[in-house]
Structures are given as C-alpha cells and as structure tokens.
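A short write-up of the structure that comes next.
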Amino acid sequence: MIFRLFIDRDKPEEVTATVHQRTPLIDEIERLVVQSGLSDQIPGYVEDEIRMLRVEEIECFVVEGEKTYAMYSDRKRYQVRRRLYELEKDLPAGFERISKSALANWKAVARFKVQLSGAVDAVFKSGYVECISRRCFAELKRRYGL
C-alpha cells in the first residue's frame, strides 16, 4: 500500500483512495474522512440559550417525543437539531447505538447495571441511566466481550 500526502493551501481538500476491494478498514477510513464535516462541537439548545457542546463530553443522545437530546457531562439535557441516524453517521467511533432511540458515548459509560428482569442499563459518569435494548446489548457483548 502506498500513502501520499500533498499539502497545497490553494487547492480544495480532496481524499482519493484506490483499493482492490471494500474492507472494514476502508469503511472506517471513509467514515473518518466524511466525519470531518462534524466539528468537535455541536450546538445544543435549552430554553433561550444556545451552547456549543464538546462532542467528547456528550454522554448520550436520546430521542424523546420526536426531538433529539444530548445528555451532557454537566447533567443537563440539550436539544440537538439533528436526527439520530445523522449523528450516528457523523460521530466519532466511540459512539455506539444502545437502543432504537439512543446513542451512547462508550468512553462515558461508568458501569452496567443488570435488572432483575434481565434488562441491562448503562450508567454514565454523571449518573444518568439509559436502558440498553436486548438486541443492541447482544451486539455490544459480541463486539466487546462483555
């Protein structure tokens, strides 16, 4: 494999890859390149205030009543004006789908709590708790060896 980097401030940025076939590595490279459209901050809205939220400090994105919210490390909930599937596509690799209506920052999960019913909750560093669906937990368990 050959890697070439050309720095030219006068030309628009472009990434071109010539590969023999699509692999998980190529998918990840594509995701990293495309993700560059999402900066390390995202606007969060609460009442009449707009705050730029640092992506690495967002613990979880949840959908409630047709609206998407970011659960932030300061224990506040901010509305985000993007759909969950858009966020999932653009967020860095540390974010994982934990249910149909939630994405979790894997680095912000403090522990898992198993309920008597067999359900599993993700407990975040701030104390926020979100239920992990059985389907997503099975995938996470397979992927991370939980």
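The values are calculated or read from the model by the stated rules, or taken from the named source; none is laboratory data. The structure presented is a predicted model; accordingly, all values stated were derived computationally and were not measured. Here the Cβ positions follow ideal geometry from the backbone for every residue, glycine too, while neighbour counts run over all protein chains shown.
Among residues of the range 110-128 that are polar (S, T, N, Q), those with a Cβ under 9 angstrom from a residue that is surrounded by fewer than 13 Cβ atoms within 10 Å (Cβ to Cβ), sequence gap 6+ or separate chain, pair up as 126/74; 126/75. In the set 137, 61, 95, 124, only one residue is farther than 24 Å from residue 42 by Cβ, in contact with a strand residue (DSSP E or B) (Cβ under 7 Å, 6 or more places away or on another chain) and not β-branched (Val, Ile, Thr); that residue is 137. Within the range 63-79, the set of residues being crowded, with 20+ Cβ neighbours inside 10 Å and aliphatic (A, V, I, L, M) comprises 70, 71. One residue is enough: does the range 73-94 have a residue meeting the conditions at pLDDT 90 or above, hydroxyl-bearing (Ser, Thr, Tyr) and touching a helix residue (DSSP H, G or I) at 6+ places or on another chain (Cβ under 7 Å)? Yes: the range 73-94 contains one or more residues that are at pLDDT 90 or above, hydroxyl-bearing (Ser, Thr, Tyr) and touching a helix residue (DSSP H, G or I) at 6+ places or on another chain (Cβ under 7 Å).
The residue pairs whose first member lies in the range 52-77 and is of a type in the set (A, V, I, L, M, F, W, C), whose second member is in a helix (DSSP H, G or I), and whose beta carbons are closer than 7 Å, counting only pairs six or more residues apart or on different chains, are 61/84; 61/87; 63/84.
Each residue in the range 1-25 was checked for being of a type in the set (Lys, Arg) and closer than 25 Å to residue 93 by Cβ, and 2 of them qualify.
A quick yes/no check of all residues on (1) touching a Ser or Thr at 6+ places or on another chain (Cβ under 6 Å); (2) in a strand (DSSP E or B):
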site	(1), (2)
17	no, no
30	no, no
42	no, yes
75	yes, no
103	no, yes
111	no, yes
